[in-house]
Structures are given as structure tokens and as C-alpha cells.
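In what follows, a structure is listed as C-alpha cells, so that the remarks can point back to it.
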Amino acid sequence: MFWLPPSGATGELLDEIFGRVEPATPYAGWFSNDVAGEWGGVDRASQHGVEVVPADYYMNATVHAGVRARISDQVRRRPPARLRDRVHLTLTVGEGDNIQYCQRRMREIWDDPARGGVPVNWTVSPLLAEIGPALLAYYQRTATANDLLIAGPSGAGYTYPGSWPAAALRAYTELTGRFLRRTGMDIAYAYNHRKPEGDGWVAFDERVAAAYRRDTPVRGLIQSWETGDLLIDPAGLPVIGNLSPQGRAREYRDTLVRRIEGWDGSEPLFIAGAVNAWNWTPADIAELAGLLGDPFEIVRGDTFFALLRERLAS
């Protein structure tokens, strides 16, 4: 655990430290320089086979790690759904890799009385099974039929799998597989490294997708993408890029309507929508749902990927 800017001389020191540990050794902390530090720091860690556990404001970790709690390893029963010529939309609340978010902000919005009225995917860290089992158990126990817990980026710790050395990636995907099975999760929201010019993300390739498919129970991946124009099936694992509209509910609705311009309704359409965990609440999600009529159908992530797999197989 340490705190160094991931560039210049301190970036070289990060490389030296990361290079001395075994693959899949967690780095518990964060980086300076805000967002720029995040991209550079997580990518440096990934290049050395190290996953990040954002823990800069996680309080009383020793106590929380020592509290016993019953964590369910059962996968939620998927609601029935039929593939139709509609816009199948799944909404995902981000930030779940950040365990201090799981400890505080997530609990605040989780307590919103509007939660449960709309199908929503909630990202959490499967590593809470060890570093905060009572927190994870609480979310599992109090989830409604419309709440689905999924793994935050990118499984057992925040990382960019495409940046991992080929010989080390399996250490991460095997670790992720163990924690997903232990916590009953079978969907992950994931990040990958950015393009060299810094404009956009690199899509998961066959190597990365094959590792997830081989070592984890994930039925599909939602990749951070922002523009939403990614739908691929590398190694037989569906990967869809999220759409990240700005603004409040009406602006979000307007972005979705623009997104489907040109769709003639003759076949199913799939959109993975991102929800800003710091600015939105379940009440905002409920407002958005009230603004979305035909042809939109909001579904949980497990239903979403079941329908998407059916569509890809047709």
C-alpha cells in the first residue's frame, strides 16, 4: 500500500515496486492526479500483472475483514423474458470496484425508497467477500427482485486485462472466477486500456475474452465504452460497450432516443446504459423509466445477456 503519482520518476518507482510482486497481487490504495492518475496508474499496475483495489477512504478495513457474515454463492434466478423486436435496455450503476464507495455512497443510494421499482445492475467488488463480508452480505440480503449485484471493474479488482502480460493474465481470471463463484455473480462490468492517442478504449480481444470464458462463470461483459457503439462476441463471450449519457433523466432519455434513430423496429436492439453513482439515485432511475415508453424495455443484466446470446445465436 502506497501512494505515488504514476508518471515521471515516481512512475518509475511504481514500476520497480510492481515488478517485485507476484501476478494478481492486489494494490490497495489509489493514485494522485485524479482521472489522469487513474488511467496511468491502473495501466502501469496492469502491465505488471497487479490489480487495483481502490481503498483510499475505506475505513476500519481490519475490523470489516474480521467480521463474519454469511455470503450467498447462489446465482439469482433470472426473470422470464422473451426476445422481441424492442430496445432491450439494461442500466448499470458504476463505481463498485471502489470499496469505500461500497461502504458509504452505495449504502446511501441503496436506502432510497425508490430502489426496487426498476431493474438495475449494481456493481460491487467481489473482493468484499474477504475485506468486507458484512457489507456484501447486507446488499445480498436486502436486494429486491429488481436489484442484481454484478462484479465491478473488472472482476476481482480494478484492472485493464488487455495490458496484462500474456503469461500473467490467467492468475487474474482464475482469481476472478473463484470470487465470482463464491459470491454468486456471473456478470462483470469491465474496463480495458485506452488507445495510445488517448481517444477512446480498446475493445476486448480473443485472448482476454477466452481467459474470462475459460476461468470465470461470466455470461457476458459490459465494457466501459461511453458511446455505446460496441457489440462483439470474441471467443463466444458477448461484450457490449456501455452508453454514458450526460445530464439528468430527460437528457438521458433524449440521448437514448437519438441512439436509436435509424432503427426500424424490425429486429431486437440492445443498449447497456451507464448510471453515474455519484450524481444519480434510484429516484432518478425511476424518473427515467417513467419517461421511457415503447419501444424501450428495461431488464436486469442477466436477462439482458440471455436475450443477447439468443439474438447472437440466431
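The values are calculated or read from the model by the stated rules, or taken from the named source; none is laboratory data. Note that this is a predicted model, so its numbers are computed, not measured. Positions of Cβ are backbone-derived with ideal geometry, glycine not excepted, and every protein chain shown enters the neighbour counts. These area figures cover heavy atoms from the full protein model, side chains too; ligands, DNA and RNA do not enter into them. Shrake-Rupley method; radii C 1.70, N 1.55, O 1.52, S 1.80 Å.
Miscellaneous remarks
- More than 27 angstrom apart: percent of Cα pairs within the chain: 40
- Degrees, to the nearest 10: 206-215 long Cα axis against longest axis of the chain: 90
- For the pair Ser266 and Asp15 in one chain, pulling the backbone fully straight at 0.36 nm per residue adds 85.2 nm over the alpha carbon distance.
- Contour minus Cα-Cα distance for Ala81 and Glu310 (0.36 nm per residue): 81.3 nm
- Separation in nanometres of the label points that stand 7 Å from Cα toward Cβ, at Arg105 and Asp254: 2.5
- Leu269 - accessible surface, heavy atoms, 1.4 Å probe, Å² rounded to 10: 40
- Solvent-accessible area assigned to carbon and sulfur over the chain amounts to 49 percent, based on a 1.4 Å probe.
- As a length-normalised measure over Cα pairs under 8 Å and 6 or more apart, the relative contact order of the chain settles at 21 percent.
- Karplus (6.51, -1.76, 1.60) ³J(HN,Hα), θ = phi - 60°, over the range 20-31, in Hz, Gly and Pro reported as x: 9, 10, 6, x, 6, 7, x, 9, 9, x, 7, 10
- When every Cα-Cα distance of the range 1-133 is counted in 10 angstrom steps from zero, the calculated P(r) takes the values 10, 32, 30, 19, 8, 1 percent.
- FRET efficiency for Thr227 and Ala61, using Cβ-Cβ distance with R0 set to 35 Å, rounded to 0.05: 0.45
- Across Asp73, Asp186, the residue with the most accessible area heads the list, and the full order at a 1.4 Å probe is Asp73, Asp186.
- Whole-percent pair-distance distribution, where bins are 10 Å wide, for the alpha carbons of the range 121-185: 21, 50, 22, 7, 0
- Stokes-Einstein D for the range 250-311, Kirkwood Rh over Cα pairs, 10 °C, 1.306 mPa s (µm²/s): 122
- 20 °C / 1.002 mPa s Stokes-Einstein diffusion coefficient of the range 95-250, Kirkwood radius on C-alpha pairs, µm²/s: 133
- Surface exposure of the range 230-269, expressed per residue as accessible area with a 1.4 Å probe, stands at 49 Å².
- Taking amide H as placed 1.01 Å from N in the peptide plane, the amide H of Thr123 sits under 5 Å from that of Val93, Gly96, Ile150, each at least 5 places away or on another chain.
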